[in-house]
Amino acid sequence: MKIDNTFNLFKKTKVLLIGDIMLDQYVFGKVNRISPEAPVPIFLYNKSKEMLGGSGNVLSNLVALGTNIFYLSLIGNDRNGVKIKKLLKNLNFKNYFFLQDSSRKTTIKTRYIVNSQQIIRIDQENSENILKILEDKLIEKIDIHIKNKDVVIISDYNKGLITRRVSKYIISKANSLKTPVVVDPKKKDFSLYRNAYLITPNQLEASEVTNMKFNNNSETEVCGKKIIKKYNIKKVLITRGDKGLSLIGKRMSIHSPTTAKEVYDVSGAGDTVLAVVASCLPNKIEEKTVLSLANKAAGKVIAK
């Protein structure tokens, strides 16, 4: 993703990113006929590519923005973990520490794409919580690297790294340092993220956690304020697909429509929004501008 000159101010922004990393594999091809063996399409392979996924995609966006990042995550002792390290080397990124657990697989998501649309996704993963010994090691690393940061990002893909204990520690420690914490949640229990500065659920996640269905702006605001009140979170940014972004606080709300002309596949767009918004936060950029920049960047991702 190319970033224009508007983003030059992020170069001094110090970020601590903690979250589940995965390998995203994209397989491109075409479908011309149905199999004679079963009523399924025959996928004719053309090419494939591999990218950093999960919090690794957030990292890629933060690197593109030019921020100064330290990154904490977890991989397995397997070839996909090796591939992730190679992708980081290709990104020329060295400021990271990976916990390594030989008892679990590195998460990989393989998407099969025909005419810019996914036809199937195949996941390989272990999503149980990490062992206490790994929690202890992660908290030790967080304690070292959280100091002197401008913003902390928790990218929780619900793959076991962000346990209740880890999340509580990050938020408590950051709050004591007066460092804002931005959370991208995947768990349905938002109590893990209590007292964070900003949380960025998508429309489905916000709907499920509040047991509310919403379509228009006013209903979205009610949902956001319910999350704020229940979990003592200062602001909620709800990503609403083709309806754009809604930023909600106790006494404010801003709605920003999407800039994407055609929405085929929103994979990764939420990570881009998270990276842009978190990078803007310590730079005191006007909130309408923040949403506009996030929408612009997400629109580029969706277009690709």
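One table, with the values for the structure above:
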quantity: Where Ile120 falls short, out of the listed (1) over 16 Å from Ile162 (Cβ atoms); (2) free of Cβ contacts under 8 Å to residues at least 24 places away in the same chain; (3) exposed (fewer than 13 other Cβ atoms within 10 Å of the Cβ); calculated: (3)
quantity: Residue within the stretch 77-89 that is outside any loop (DSSP other than H, G, I, E, B), of a type in the set (Gly, Ala, Ser) and within 28 Å of Leu293 (Cα to Cα) present; calculated: no
quantity: Number of the exception - Gln25 against (1) modelled with pLDDT under 95; (2) polar (S, T, N, Q); (3) open to solvent by 20 Å² or more (accessible area, probe 1.4 Å); calculated: (1)
quantity: Every residue from the stretch 62-75 that is open to solvent by less than 10 Å² (accessible area, probe 1.4 Å) and within 21 Å of Ile142 (Cβ to Cβ); calculated: Leu62, Ile69, Tyr71, Leu72, Ser73, Ile75
quantity: Residue in the stretch 188-207 that is touching a residue at least 60 places away in the same chain (Cβ under 8 Å), closer than 30 Å to Ile144 by Cβ and among the acidic types (Asp, Glu) present; calculated: no
quantity: Hits in the stretch 226-255 (condition: assigned to a loop (DSSP other than H, G, I, E, B) and within 22 Å of Ser172 (Cβ to Cβ)); calculated: Asn232, Ile233, Lys234, Lys250
quantity: Those residues of the stretch 168-207 which are surrounded by 24 or more Cβ atoms within 10 Å (Cβ to Cβ) and either of a type in the set (Gly, Ala, Ser) or part of a loop (DSSP other than H, G, I, E, B) (or both), in sequence order; calculated: Pro185, Ala196, Thr200, Pro201, Ala206
quantity: Flag if Phe93 is within 24 Å of Thr200 (Cβ to Cβ), in contact (Cβ under 8 Å) with a residue 12 or more places away in the chain and part of a loop (DSSP other than H, G, I, E, B); calculated: yes
quantity: Single unsatisfied condition, Gln118 versus (1) touching a Phe, Trp or Tyr at 6+ places or on another chain (Cβ under 9 Å); (2) assigned to a loop (DSSP other than H, G, I, E, B); calculated: (2)
quantity: Number of the condition not met by Thr220 [criteria: (1) under 28 Å from Lys109 (Cβ atoms); (2) at pLDDT 90 or above; (3) touching a strand residue (DSSP E or B) at 6+ places or on another chain (Cβ under 6 Å); (4) not in a strand (DSSP E or B)]; calculated: (1)
quantity: Any hit, the stretch 34-48, residues being among the β-branched types (Val, Ile, Thr) and open to solvent by less than 10 Å² (accessible area, probe 1.4 Å); calculated: no
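The values are calculated or read from the model by the stated rules, or taken from the named source; none is laboratory data. Note that the coordinates shown come from a computational prediction; the quantities given were computed from them, not determined experimentally. Note that each Cβ is placed from the backbone with ideal geometry, even for glycine, and that neighbours are counted across all protein chains shown. Accessible surface is based on the protein model in full, side chains and every heavy atom, while ligands, DNA and RNA are left aside. Shrake-Rupley method; radii C 1.70, N 1.55, O 1.52, S 1.80 Å.
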